[in-house]
Each structure stands twice: as C-alpha cells, then as structure tokens.
1. I'd like the full set of residues that are assigned to a helix (DSSP H, G or I) and either touching a Lys or Arg at 6+ places or on another chain (Cβ under 8 Å) or closer than 20 Å to Arg281 by Cβ (or both), limited to region 216-248.
2. I'm checking my understanding of the structure. Among residues of region 150-182 that are out of contact with any strand residue (DSSP E or B) (no Cβ under 7 Å at 6 or more places or on another chain), in a helix (DSSP H, G or I) and touching a residue at least 40 places away in the same chain (Cβ under 8 Å), which one is surrounded by the fewest Cβ atoms within 10 Å (Cβ to Cβ)?
3. Which of the residues that make up region 183-209 are open to solvent by 10 Å² or more (accessible area, probe 1.4 Å), hydrophobic (A, V, I, L, M, F, W, C) and within 25 Å of Arg292 (Cα to Cα)?
4. Considering only region 249-287, how many residues are of a type in the set (S, T, N, Q), within 16 Å of Ser113 (Cα to Cα) and open to solvent by less than 40 Å² (accessible area, probe 1.4 Å)?
5. Any idea which residue in region 113-135 is nearest to the chain's Cα centre (by Cα), counting only those that are open to solvent by less than 50 Å² (accessible area, probe 1.4 Å) and of a type in the set (D, E, K, R)?
6. I'd like to check something: does region 112-119 contain any residue that is of a type outside the set (S, T, N, Q), in contact with a Ser or Thr (Cβ under 7 Å, 6 or more places away or on another chain) and more than 19 Å from Asp260 (Cβ to Cβ)?
7. Which of the residues that make up region 239-259 are in contact (Cβ under 8 Å) with a residue 40 or more places away in the chain and under 20 Å from the mean Cα position of the chain (by Cα)?
8. Would you call Arg147 open to solvent by less than 10 Å² (accessible area, probe 1.4 Å) and of a type in the set (D, E, K, R)?
Amino acid sequence: MGSNEEFHVVTGAFGYTGKYITQRLLSLGKKVRTITGHPNRLNPFGGKVSISPFNFDNPGELVKSLRGATTLYNTYWVRFSYKQVTFDKAVENTKTLIKAAEEAGVRRIVHVSITHASESSPFPYFRGKGTLEKTICQSDMSYAIIRPTVLFGHEDILINNIAWLLRRFPLFAVLGSGNYQIQPVFVEDVAELAVKAGQYEENMTMDAVGPEIYAFHDMVQLIAEKVHSKARILYLRPELALFFSRLVGYLVNDVILTRDEVYGLMSNLLVSGNPPTGKTRLSDWLSDNAERIGIIYASELGRHYT
C-alpha cells in the first residue's frame, strides 16, 4: 500500500460484520487494511487486504498500523467473557484502539455498537457498549455509531443455531412466554449502512434494524416451518432454559446462550422504536436460504478462540 494512497482500516475483516464491510469497501474500489486478532488466519481477500495484529499491548505498533487511514470501521467486541477476555478487557482494548486512531490522525470512526447501549444498563454487554459510545463521542474524530439488533445472514450465530437445534432435536426451549420482540437485521444491510456512514462528515448515531418485528416464539416457528422441523416448542422458565442450553453447549463445546442475552432479549432490547434502516426481510431470506441454514453449527468459540 503506497504511503500516499488513501485507505480504510476494518477491525476483524476475517470475522462476520467486518468481512461484509470489507467486501463492500473493496467493491467500491477502496484500499483496505485489517487489524485482527487472527493475523495468521487464511486471508479470504488475498492480496487485496493487508493485515496487522491488534497489538493492544503495544499501542505504538497499533498507531503505526492506523497511520494514514482516513476511516476506521470498528467491529471489535466480545459476545461473552471467556478466560482472560472479559467485557472490561474488551472496553479497555477498544479505548486503546480509539486513542491510537486519534494519535494516528484517523479522520472518522464508524463504530458497530448495539441497540439500547447504555452506561447504566444492568447488562455488562450493553453497559460496555454504552461506555464506548461515550468515549467515541468525546474523541477527536468525527463518528458514526451504528446500533444493530440481531444480525442474520450466512455464518450468523443466533438464527443459524436456532435452525440447527430445530433440525436436530425433538424439542426446542423458548424462554418464558416468548412474547418479547426481536427485530433482526441483514448483515449486508448493516455493512451498507456502515460504509455509507463512513462517507459523511457529521456525527451520527443510528439503529441498524430490519423491516420486520417478531414475537420471539413467532420467529422460532417461522424458522421451524422453513427448515421443515417437527420439533415441539416448550416454554420454560429462563433459568431452566439456560440450564438446557449449557447441556447442549457441552455437547458442541460452545456457549450457546448467556444470561445477558436471555434477559436482554426478554427486556425488548433487540428491537428499535425508530423506522427500519435495513431493507432485507428475514422471512424472504429464510425462504431463499432454507436449504443451507442450520446445516452446520456456528461456533462462537471456534470463530474467535481457535
């Protein structure tokens, strides 16, 4: 990458959201560098994307990998605390990244947050995201904060694994009444919103949400119908459903569901009061991809810790 060439940095281009943001930038003819926790992983973009490690413990190197970039697209986060990687550590690492971007002279940051992020949230996931939103708003860079709900698309975790469970087990446990709402958004719509937001100058915060809102049990029934599952849906107390999810987690060596996710979902934090910003309907996407969804289990631990 020539020293005078404008380029963009995407954290986690080998991950999920980061991959689609990178694809979109490349399709627009942009130069891209990724900063990743997996620098030795196979690069799906070949020579089109240069690679640097995160270097959170060596901020000088992190600054070097950001110097010359016009925009930083940040997708770095953790879904749950695992070993040394806690929510607090993820917040600290992201603050290091933000400071390094400022020092490197990055003009704009596009940060992927979550709907209802709040410093005062009782849930560490949402609270950590809220803390980082405040840090970004106080930074020297112009910013766009994109707040998705639950993503769907190829390789997604939640929708795919609901389908996987429905395909393989005779029973499916829904938490509580199942009446709480969820508003899934297509990962490519989120990538499009993020890249568009990167092209503006003004500061903005927007929810990234799809056009359909479901009661959770209705979404499960829709997925069951699309994958031709005969599984019986049971309505269980949240703690009991968590217990069963841990049992299945042992079988697949993964964390299927966390307490934060259970109570965040049941508190209607994965739905927006704002107009939809994504255009792809989950119902249409499921119809088009019914043969593929839930065939292979999507492992969070496999994706990020192996």
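1. Those that are assigned to a helix (DSSP H, G or I) and either touching a Lys or Arg at 6+ places or on another chain (Cβ under 8 Å) or closer than 20 Å to Arg281 by Cβ (or both): Phe216, His217, Asp218, Met219, Val220, Gln221, Leu222, Ile223, Ala224, Glu225, Lys226, Leu242.
2. Per the criteria, the residue is Arg167.
3. Phe186
4. 1
5. Among residues in region 113-135 that are open to solvent by less than 50 Å² (accessible area, probe 1.4 Å) and of a type in the set (D, E, K, R), the one nearest to the chain's Cα centre (by Cα) is Lys129.
6. For region 112-119, residues of a type outside the set (S, T, N, Q), in contact with a Ser or Thr (Cβ under 7 Å, 6 or more places away or on another chain) and more than 19 Å from Asp260 (Cβ to Cβ): absent.
7. Listed by number, the residues that qualify are Asp254, Val255, Ile256, Thr258.
8. So Arg147 does not fit the description; no.
The values are calculated or read from the model by the stated rules, or taken from the named source; none is laboratory data. Keep in mind that what you see is a predicted model, and the values were worked out from it rather than measured. Glycine also receives a Cβ, built like all others from the backbone with ideal geometry; neighbour counts cover every protein chain displayed. Heavy atoms of the whole protein, side chains included, go into the accessibility calculation; ligands, DNA and RNA do not. Shrake-Rupley method; radii C 1.70, N 1.55, O 1.52, S 1.80 Å.
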